Amino acid sequence: MTNPLLHWDGPAIGLLDLDAFFASVEQLDHPEWRGKPVIVGGSPEGRGVVSTASYEARPYGVHSAMPSAQARRLCPDAIWTGGNFARYREMSNRVMSFILDETPLMEQVSVDEAFFDVTPGRYSRESPIEICRRIQSNVSELGITCSIGLGTNKTVAKIASERQKPRGLTVVPPGTEASFLAPLPVRAMSGIGAATERRLCEMGITTLGKLAEADLREMELAFGVHGPSMVVRAQGLERSQVLGADVEEDPKSVSNERTFPVDLTERDEVVAAVRHVSALVGSRLRRKGLAGHVVTLKLRRDMSHTRTMRSQLSEMTDDEHVFGEAAVALLDQMWAEGSPVRLVGVGVSGFDDDVSFQMDLLDQGDEEARLRKKRLRDLSVAADEVRSKFGSDALSYGRDLRFGYRQPKD
């Protein structure tokens, strides 16, 4: 009998996550390390952090972004290495080439993670499940392994990729998103960090099923624009687009980056930095008369560790209060509190696209929400005018004073 799952109807988005990638490459290159706890990271004698721990080290409680000194106490017999990032990039490129052999719609999130679109009929009529199995097989032949989540949107694919590790392939067929998500804790969804989880628990929301039933207005009051989007994602209704390499090279984008003299490690510092850089981008967008719907967040720890992620908005905007909060929502998908951040970048693109997404559910018939959004944008425009007339230092928010506001040059 033919497996009904092989007949996929609708979008098919995968998330490939290489299993304990750095440590796995080290064990591949050092056969004598196989089966032993291996930690890739900074020195335990300094302020280093763990980049990756092998699966043999994880039962001791060691995990990425943990201070190296703590990891040494938990697993004193582990093999330590500072890493070979040229080698990791080489292996990453080979893995990504396997995805590109199947579809040009690949969005690499980091050196060990990438979304890809294998919707039937776009570039292949083959089952998305069989494509994922082939990618996994090809990766295994390199001597490392990966886990893949497959669903109809990025949120489902990301969560699914973490359900069965290592070497897992978790498939969430179209129409089963809500039932798959409902029993999971809210923290399972990317974008919900420790602070958001605590606030949701205070509201009696502990599972994604409860979150899916939450009142949109109440969520907007509690979490801003991030609130309603969390509800839609928990319902399994997110509409995602995987942006291929052509978007990465699109010159029609407005962005800004800030490099900080001291690493940022606290959440409030990093959030303030994202909003600060977003304000710089918003000012440039308005001066150029541009509005876009694709938001990119970039975080860099050092020259060897840079992560980039994008999201789409349901409207065209030049307002940092809108796209900046979308960038903040990406933060928890890319960063764990305590991990150092040296550079923050925010970009907006998608200026000429034909946007036909669903209208913001909260704004439909909600005059108060529309007026609030308008007032915030008017405030940004007024700030632009003051700085233009009296200089970039004439008006600053508290977050800007922390980092030193400078109006960007075009």
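Structure data summary
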{"item": "Which listed residue, of Phe115, Phe98, is within 30 Å of Gln241 (Cα to Cα) and part of a strand (DSSP E or B)", "result": "Phe115"}
{"item": "Some residue of the range 41-49 being on the phi > 0 side of the Ramachandran plot, in contact (Cβ under 8 Å) with a residue 12 or more places away in the chain and not in a strand (DSSP E or B)", "result": "no"}
{"item": "Qualifying residue in the range 161-173 (condition: assigned to a helix (DSSP H, G or I), of a type outside the set (Asp, Glu), in contact with a helix residue (DSSP H, G or I) (Cβ under 7 Å, 6 or more places away or on another chain) and free of Cβ contacts under 8 Å to residues at least 60 places away in the same chain)", "result": "no"}
{"item": "First in the range 96-111 and surrounded by fewer than 17 Cβ atoms within 10 Å (Cβ to Cβ), second anywhere and part of a loop (DSSP other than H, G, I, E, B), Cβ under 6 Å, 6 or more apart", "result": "Pro104/Gly244"}
{"item": "Test: residue in the range 72-84 that is within 20 Å of Asp17 (Cα to Cα) and either surrounded by 17 or more Cβ atoms within 10 Å (Cβ to Cβ) or of a type in the set (Phe, Trp, Tyr) (or both)", "result": "yes"}
{"item": "Qualifying residues in the range 166-212 (those that are basic (Lys, Arg) and out of contact with any Asp or Glu (no Cβ under 8 Å at 6 or more places or on another chain)) - the one modelled with the highest pLDDT", "result": "Lys210"}
{"item": "Residues satisfying the stated conditions in the range 63-75, i.e. farther than 13 Å from Lys36 by Cβ and either without any contact (Cβ under 8 Å) to a residue 40 or more places away in the chain or in a loop (DSSP other than H, G, I, E, B) (or both)", "result": "His63, Ser64, Ala65, Met66, Ser68, Ala69, Gln70, Ala71, Arg72, Arg73, Leu74"}
{"item": "One residue from Arg122, Arg187 being assigned to a loop (DSSP other than H, G, I, E, B) and either more than 28 Å from His321 (Cβ to Cβ) or outside the structural domain of Gln333 (by TED's automatic domain parsing) (or both)", "result": "Arg122"}
{"item": "Qualifying residue in the range 143-152 (condition: assigned to a loop (DSSP other than H, G, I, E, B), crowded, with 19+ Cβ neighbours inside 10 Å and touching a Gly at 6+ places or on another chain (Cβ under 8 Å))", "result": "yes"}
{"item": "Those residues of the range 190-224 which are assigned to a loop (DSSP other than H, G, I, E, B) and among the charged types (D, E, K, R), in sequence order", "result": "Glu213, Asp215"}
{"item": "Residues that are over 8 Å from the mean Cα position of the chain (by Cα) and part of a helix (DSSP H, G or I), drawn from the range 311-334", "result": "Glu320, His321, Val322, Phe323, Gly324, Glu325, Ala326, Ala327, Val328, Ala329"}
{"item": "Unmet requirement for Glu32, which otherwise passes all of (1) surrounded by 17 or more Cβ atoms within 10 Å (Cβ to Cβ); (2) free of Cβ contacts under 8 Å to residues at least 12 places away in the same chain; (3) not small (Gly, Ala, Ser)", "result": "(1)"}
{"item": "Meets criteria (buried (at least 19 other Cβ atoms within 10 Å of the Cβ), at pLDDT below 85 and touching a helix residue (DSSP H, G or I) at 6+ places or on another chain (Cβ under 8 Å)) for Leu299", "result": "no"}
{"item": "So Ala69, is it buried (at least 17 other Cβ atoms within 10 Å of the Cβ) and among the hydrophobic types (A, V, I, L, M, F, W, C)", "result": "no"}
{"item": "Residue satisfying condition, being among the small types (Gly, Ala, Ser) and in contact with a Pro (Cβ under 7 Å, 6 or more places away or on another chain), within set Ala53, Ala23, Ala65, Ala78", "result": "Ala78"}
{"item": "Any chance Ile135 is assigned to a helix (DSSP H, G or I), among the aliphatic types (A, V, I, L, M) and in contact with a helix residue (DSSP H, G or I) (Cβ under 6 Å, 6 or more places away or on another chain)", "result": "yes"}
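Residues checked against (1) closer than 25 Å to Leu243 by Cα; (2) more than 16 Å from the chain's Cα centre (by Cα):
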residue	(1), (2)
Glu162	yes, no
Val172	yes, yes
Leu184	no, yes
Arg187	no, no
Ser190	yes, no
Ala195	no, yes
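The values are calculated or read from the model by the stated rules, or taken from the named source; none is laboratory data. These figures come from a predicted structure and were not determined experimentally. Glycine gets a Cβ as well: all are built from the backbone with ideal geometry, and neighbour counts include every protein chain shown.
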